[in-house]
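Read the figures in this text as sums done on the coordinates, not as results from a lab. Because the structure is predicted, anything quoted here is derived from the model rather than measured. With ideal geometry, Cβ positions are generated from the backbone for all residues, glycine too; neighbour counts draw on all protein chains shown.
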Amino acid sequence: MLQREVSVSTRGQGLYEVTREIRDLVADWGRTQGLLTLFVRHTSCSLLIQENADPEVQGDLKAYFARLVPPSTDPEMSYLRHTYEGPDDMPAHIKAAMMPVSLSIPVAAGEMVLGTWQGIYLFEHRDAPHQRRIFAHLA
């Protein structure tokens, strides 16, 4: 059983690709097969496997979720009570509740089994920069 944590610096809302960092971690472990589990240790961001060829995909995802869950200052969100940490905080928790905070990825022949256009992303839902931690476990 192999475990390690990966740190990701964010600059505000958006998708941050971490495929290379996770791929390097798997390679360092030298294990040829298993199941990699990734878990983000925060309640206001998510993990996604998404297309990594066209950056418009990430922009469209960010725009969609911003429209789906606007800041608490939006009149449509006036029902929110948890607002003392800023207008982006409760919407960030809602987005994280809608998207995965963990991923399972098979490892075969020493590499993650991802599709041609698939990448691993941390989806930051807060406006301010954060230092996020992703816990990785290979069994």
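For region 9-47, what are the residues that are of a type in the set (A, V, I, L, M, F, W, C) and touching a helix residue (DSSP H, G or I) at 6+ places or on another chain (Cβ under 8 Å)?
Step one: filter region 9-47 for residues of a type in the set (A, V, I, L, M, F, W, C), giving 15, 18, 22, 25-27, 29, 35-36, 38-40, 45, 47.
Across region 9-47, the qualifying residues are L15, L36, L38, C45.
Considering only region 39-78, how many residues are within 13 Å of the chain's Cα centre (by Cα) and among the small types (G, A, S)? Residues in region 39-78 being within 13 Å of the chain's Cα centre (by Cα) and among the small types (G, A, S): 2 in total. G59 meets each of the listed conditions (1) in contact (Cβ under 8 Å) with a residue 12 or more places away in the chain; (2) out of contact with any Ser or Thr (no Cβ under 8 Å at 6 or more places or on another chain); (3) not polar (S, T, N, Q) apart from (1). Can you say whether R133 is touching a residue at least 60 places away in the same chain (Cβ under 8 Å), surrounded by fewer than 20 Cβ atoms within 10 Å (Cβ to Cβ) and under 17 Å from R11 (Cα atoms), as far as the supplied structure shows? Yes, satisfied. If the condition is being among the basic types (K, R), loosely packed, with under 15 Cβ neighbours inside 10 Å and under 16 Å from Y16 (Cβ atoms), then region 39-96 contributes only R41.
Q33 meets all of the listed conditions (1) in contact with a Ser or Thr (Cβ under 6 Å, 6 or more places away or on another chain); (2) more than 15 Å from I22 (Cβ to Cβ) but one, namely (1). Scanning region 111-139 for residues that are of a type in the set (A, V, I, L, M) and over 12 Å from the mean Cα position of the chain (by Cα) yields M112, V113, L114, A128, A136, L138, A139. When you look at V101, is it in contact (Cβ under 8 Å) with a residue 12 or more places away in the chain, buried (at least 18 other Cβ atoms within 10 Å of the Cβ) and of a type in the set (V, I, T), yes or no? Judged against the criteria, V101 is not a match.
Kindly provide the set of residues from region 8-33 that are in a loop (DSSP other than H, G, I, E, B), surrounded by fewer than 17 Cβ atoms within 10 Å (Cβ to Cβ) and either out of contact with any Asp or Glu (no Cβ under 7 Å at 6 or more places or on another chain) or of a type outside the set (G, A, S) (or both), ordered by number. Lay out the reasoning, then the answer.
The initial filter retains those residues of region 8-33 that are in a loop (DSSP other than H, G, I, E, B), namely 10-13, 18, 30-33.
Among the residues that remain, those that are also surrounded by fewer than 17 Cβ atoms within 10 Å (Cβ to Cβ) are: 11-12, 30-33.
The answer is R11, G30, R31, T32, Q33.
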